[in-house]
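The values are calculated or read from the model by the stated rules, or taken from the named source; none is laboratory data. Not measured: the values here are computed from a predicted model. Cβ atoms come from the backbone with ideal geometry, glycine included; neighbour counts cover every protein chain shown. The accessibility values were calculated without ligands, DNA or RNA, using every heavy atom of the protein model including side chains. Shrake-Rupley method; radii C 1.70, N 1.55, O 1.52, S 1.80 Å.
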Amino acid sequence: MKRLLIVTAIIELGVGLALLAFPSATVALLLGSSLDAPAAVTLGRVAGAALLALGVANWLAQYDEQSCAARGLVSAMVLYNLGAVIILGSAGLGSQSVGIALWPAVILHAVMAVWCVTSLRRRPLM
C-alpha cells in the first residue's frame, strides 16, 4: 500500500498545484475549453486545494500504511477515482471537443481505482 500512497500523493499534488496556479489551462487540457467566468476559475482553484489536501494526506499516510486511517483514505480514494472516471468519461462521451488529457486521465483514474481496491483486499501484515 505504501507505493500506492506515494504515487497517489505525487499525482494529486501535481494536479492540485496545476489547478491552483493555472485553473483555466488545466481544465482546457481535460475538457477542451477554458474557464471563462471568474466563478469557474475560483471553483477550479478550490478543486486544486482539495486535490492538494488529498495529496498531502496520501503522502503522510505512507508513514503508517497499515493503520485504519490509511485504509480509510484508500477507501475514499476508490470513491474519488470511480467518480472521476464516471464524470470525466461522461463529459468525453457527451462532448464533441475534448482536451488532449481527458482520456488519459480517465484511464489513469480507472487504473488507480483498481489499484486501490486490490490494495484494500490484501490482508494487512500483523
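Classify segment 15-126 from the C-alpha gyration tensor, please: rounded if a/c falls under 1.5, else prolate or oblate depending on whether a/b exceeds b/c. Oblate. Entry comment: accessible area of segment 75-126 is 67 Å² per residue, from protein heavy atoms only and a probe of 1.4 Å. Mean sequence separation of contacting Cα pairs (under 8 Å, at least six apart), scaled by the length of the chain, corresponds to a relative contact order of 32 percent.
For the set 68, 116, solvent exposure ranked by accessible area (probe 1.4 Å, protein chains only) runs largest to smallest as 68, 116. Stretched out straight at 0.36 nm per residue, the stretch from residue 46 to residue 95 would grow longer than its current Cα-Cα span by 15.2 nm.
Using r as the Cβ-Cβ distance of residue 21 and residue 118, and R0 as 41 Å, what FRET efficiency do you calculate, to the nearest 0.05?
Numbers: r = 33 Å, r/R0 = 0.80.
Computed FRET efficiency for residue 21 and residue 118: 0.80.
Carbon-plus-sulfur accessible fraction, the chain (probe radius 1.4 Å, protein heavy atoms only): 73%. Using θ = phi - 60° in the Karplus curve 6.51 cos²θ - 1.76 cosθ + 1.60, the 3J(HN,Hα) couplings for segment 47-54 round to 4, x, 5, 5, 5, 4, 4, 4 Hz; x is entered for Gly and Pro.
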